[in-house]
Amino acid sequence: MKTTLMIGLLAILCLTVTSRGATTSTPTQRLAALGLTLPAVPPSIANYVPAVRSGKLIFLAGQIARGSNGQPLTGKVGRELTEAQAAEAARTCVLQLLAVLQAELGDLARVQRIVRVGGFVNCTDDFTAQPKVVNGASDLLVAVFGPAGRHARAAVGVNALPAGAPVEIDLIAEVAD
């Protein structure tokens, strides 16, 4: 995974810097350079909306990772899933969050900054690498938004998540009017 991320970051650098140092790529182009496409916006599984805007901030409800069949990924990190598998699930959560942002804003280029990420890891009592799991989310946000993707965050271990999910990620973004 680290090699893939490094290759993706190099591709983004090639897209984003011209001979005069000007940024030329958009978040959508950076996703494409990483070989990623946004999924359909996942349905809400309870009584909430996927996004709420207040002023220049948009608060996104937590996303649990879904597989290509639309079903939630399941498992406890440290027992059924490894740290690397959980980091990949966190990355999938971010793709779903970006799909929500795209649906709400019409264009990811309207994101001025990722302000905060909340990461919840369904893990065994002795698992202590929650920050490494949530790096799967953080690394992708930086790859897509560059320096504007760097954010404050929490990475918390929990004993259970909805549908038995291994990871749930939420975020707050600042957006242009």
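A compact table of results
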{"quantity": "Simple spin-label estimate for Lys56 and Thr37 in nanometres, 7 Å along Cα-Cβ", "calculated": "3.5 nm"}
{"quantity": "Other-chain or far-sequence residues with amide H under 5 Å of Val115's (modelled H)", "calculated": "Ile172, Ala173, Glu174"}
{"quantity": "Crossing angle, helix 130-145 versus the chain [Cα axis fit, 0-90 degrees, rounded to tens]", "calculated": "20 degrees"}
{"quantity": "q = 0.09, 0.20 Å⁻¹: log10 I(q)/I(0) that the Debye formula gives for the range 39-175, counting C-alpha atoms only", "calculated": "-0.23, -1.14"}
{"quantity": "The chain: relative contact order as a whole-number percent, Cα under 8 Å and 6+ apart", "calculated": "29 percent"}
{"quantity": "Three semi-axes of the equivalent ellipsoid, the range 44-98, Cα gyration tensor, whole Å, largest first", "calculated": "25, 13, 10"}
{"quantity": "Residues Ala109 and Glu80, FRET efficiency given R0 of 35 Å [Cβ-Cβ distance, rounded to 0.05]", "calculated": "0.35"}
{"quantity": "The chain: antiparallel DSSP beta bridges as a percent of all, rounded to 5", "calculated": "70 percent"}
{"quantity": "Relative contact order of the range 50-105, pairs being alpha-carbon contacts under 8 Å that are 6 or more residues apart, as %", "calculated": "37 percent"}
{"quantity": "Between helix 2-16 and the chain: long-axis angle, C-alpha atoms, 0 to 90°, nearest 10", "calculated": "20 degrees"}
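Read-outs throughout are calculated quantities, based only on the coordinates presented, and are distinct from any laboratory measurement. Predicted model, so just to flag it, every value in this text is computed and none were measured. So basically every Cβ, Gly included, is an ideal-geometry build from the backbone, and we count neighbours across all protein chains shown.
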